[in-house]
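The values are calculated or read from the model by the stated rules, or taken from the named source; none is laboratory data. Just so you know, these numbers come straight off a predicted model, no measurement behind them. Backbone-built Cβ (ideal geometry, glycine too); neighbour counts: all protein chains shown.
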Amino acid sequence: MKNKKGQVMSGINALMTGLAAIVIIIAVTFLIIANVLTQIATTEGINVTNTATRTVAYNATLQLQAATATIPGWVPLIVIATIGGLILLLVRVFR
């Protein structure tokens, strides 16, 4: 059985592993969306500066890219809240 300090440290390890996984998934998602956008523009011969030549697929991918761009703004808030919870747990455990 782990002591109290070991339980808290395993919680921090789980947090860091989860955070690293989230960052990797977000980075890969952004790369995939950017490559899909470039491939659509190249395949369909779209002039990206001319909005009249954009296709439905291109516009849908732009909207997806804009929607996923809001995700990284939430990650620091989640991390801060989780670390705050761990600090409160540490204070309670080592009182």
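In the stretch 43-69, the residues that are farther than 23 Å from LEU31 by Cβ form Cβ pairs under 9 Å with partners that are hydrophobic (A, V, I, L, M, F, W, C) and outside any helix (DSSP H, G or I), at six or more places apart or across chains, as follows: THR53/ILE46.
Taken over the stretch 1-28, the residue count meeting the criterion of being surrounded by fewer than 11 Cβ atoms within 10 Å (Cβ to Cβ) and at pLDDT below 70 is 4.
Residues that are aliphatic (A, V, I, L, M) and out of contact with any helix residue (DSSP H, G or I) (no Cβ under 6 Å at 6 or more places or on another chain) were ranked within the stretch 50-63; the one that is modelled with the lowest pLDDT is ALA52.
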